[in-house]
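Worksheet for the structure shown next.
The values are calculated or read from the model by the stated rules, or taken from the named source; none is laboratory data. If you're wondering where the values come from, they're calculated on a predicted model, not measured in any experiment. With ideal geometry, Cβ positions are generated from the backbone for all residues, glycine too; neighbour counts draw on all protein chains shown. For the accessible areas, the whole protein counts, side chains as well, though only heavy atoms, and no ligand, DNA or RNA atoms are used. Shrake-Rupley method; radii C 1.70, N 1.55, O 1.52, S 1.80 Å.
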Amino acid sequence: MIPIQLRLSFQISLNYEQSDVIIQSIIRCFLRCTMSQLNQQKILITQMKKIILIAGGLTISALAYFSLNKQTQITTAEEDEKVIAFYKQLISQSFPHFYLVSDIIRKLKVEAKNDFETGYQAILKEVESLFKKKQLMVLKQFNIQLEDVIRIKSNSKNQDLKQTFETFQQLYEDALQGSHPKFDMTEATIERFNHKELLKITQETLLITVESMKMAISQMDQIKGRQEQFLLDDHLCLELLNKTKLVQRRRQIYCNHGLDQYEIEPSSPTQTYTKLINYHKQNDNRFSSAITCLDDKYEQIISKFMRRLIKQEDIDSELKKISLQEILATYL
């Protein structure tokens, strides 16, 4: 099992879904850097197939510890439902990354045939960090501690909880082996959300991502004074980003466009959006280039802002330079 997820603004995993764009962006840069260094690095890998499961915060070792060292307790129905909701949200917010992880694994297998293990090891730490942050944001969103999730998961007899966790685990492990989540959209759904519609939805979510970043960084400056850069390793940063309700606002955009009407789990229109985006990227190079171009333009602004290379008052003027119509005319 091997974890991965990359693109140009990786530190900003503010939306991890919640900012998949950002997270994914830095990953792209990191990957390019890693691929160029493959022939220079020789790292010994001794545990290539260990199960990491960091995304769920339930590593095998952690589960074993709590199972063996905690006295078994009967969980309440309320506790079970809260952890089920936690895992469903974790799946939803991880969904864009399942695709990205599998894509990176595939790319490594092709471009680094002889040094795949070296490339994997170089990326592994970044991936672990990504899923730890994602997990932390979801924990904060549900106001629950990791220890409680582990305890409830270990002791619960609830089959829905067990199945939800296993669903997450399977998606995660599949991605680490280079397999995408199952695509189960109908032709009617694919036709309903065409290229232009998906690009419009993407731009709307990117705009509120920038807005949330501005709000969080402004609040951070008020609390801690101006920092040289905005780092998501700081728990306060994650709390401030959560307070902007970015996840909920992105979901509302998906629902406004009807994405919640085309899936088995209405609570996660993010999955529908992600599946459609990746379907079209895989099947149309023009769309892939168009959405990559759009992502990059916003990612560059966010990355500069996080590193204090652009003033907050200048962001709006930079955003106005991004024209979806020009991108559509160029690529589609």
_So for region 224-247 (the condition being under 30 Å from Ala329 (Cα atoms), surrounded by fewer than 19 Cβ atoms within 10 Å (Cβ to Cβ) and hydrophobic (A, V, I, L, M, F, W, C)), does at least one residue qualify?_
no
*asked:* So in region 186-207, with the set limited to residues that are over 16 Å from the mean Cα position of the chain (by Cα), of a type in the set (A, V, I, L, M) and surrounded by 18 or more Cβ atoms within 10 Å (Cβ to Cβ), which one is farthest from Ile74 (Cα to Cα)?
replied: Leu199
*So which residues in region 86-106 are surrounded by fewer than 19 Cβ atoms within 10 Å (Cβ to Cβ) and touching a helix residue (DSSP H, G or I) at 6+ places or on another chain (Cβ under 7 Å), if there are any at all?*
Lys88
*With respect to Gln141, determine if the residue is part of a helix (DSSP H, G or I), out of contact with any Pro (no Cβ under 8 Å at 6 or more places or on another chain) and touching a residue at least 24 places away in the same chain (Cβ under 8 Å).*
yes
*Top-ranked residue in region 145-203 [being of a type in the set (S, T, N, Q) and under 30 Å from Glu111 (Cβ atoms); ranked as modelled with the highest pLDDT]*: Thr202
*asked:* Among the residues that make up region 161-173, is at least one of them buried (at least 17 other Cβ atoms within 10 Å of the Cβ) and farther than 30 Å from Asp80 by Cα?
replied: no
*Taking region 279-315 as the search range and keeping residues that are at pLDDT 90 or above and among the charged types (D, E, K, R), which one is least open to solvent (accessible area, probe 1.4 Å)?*
Asp295
*Among the listed residues Lys243, Lys224, which satisfies the condition of being among the charged types (D, E, K, R) and in contact (Cβ under 8 Å) with a residue 24 or more places away in the chain?*
Lys243
*Could you give me the residue pairs with C-beta distances under 9 Å whose first residue belongs to region 108-131 and is outside any helix (DSSP H, G or I), whose second residue is open to solvent by less than 20 Å² (accessible area, probe 1.4 Å) and of a type outside the set (Val, Ile, Thr) wherever it lies, and which are 6+ apart or on separate chains?*
Ala112/Leu38; Ala112/Gly119; Ala112/Tyr120
*asked:* The conditions are (1) within 26 Å of Lys304 (Cα to Cα); (2) over 17 Å from the mean Cα position of the chain (by Cα); (3) open to solvent by 70 Å² or more (accessible area, probe 1.4 Å); (4) not acidic (Asp, Glu), and Gln261 fails exactly one of them. Which is it?
replied: (1)
_Looking at region 173-188, can you tell me whether even one residue there is touching a Phe, Trp or Tyr at 6+ places or on another chain (Cβ under 8 Å), assigned to a helix (DSSP H, G or I), farther than 18 Å from Gln312 by Cα and in contact (Cβ under 8 Å) with a residue 60 or more places away in the chain?_
yes
*Using beta carbons and a limit of 6 Å, which pairs, at least six apart or on different chains, have the first residue in region 276-292 and touching a residue at least 12 places away in the same chain (Cβ under 8 Å) and the second one among the β-branched types (Val, Ile, Thr) and open to solvent by less than 60 Å² (accessible area, probe 1.4 Å)?*
Ala290/Ile327
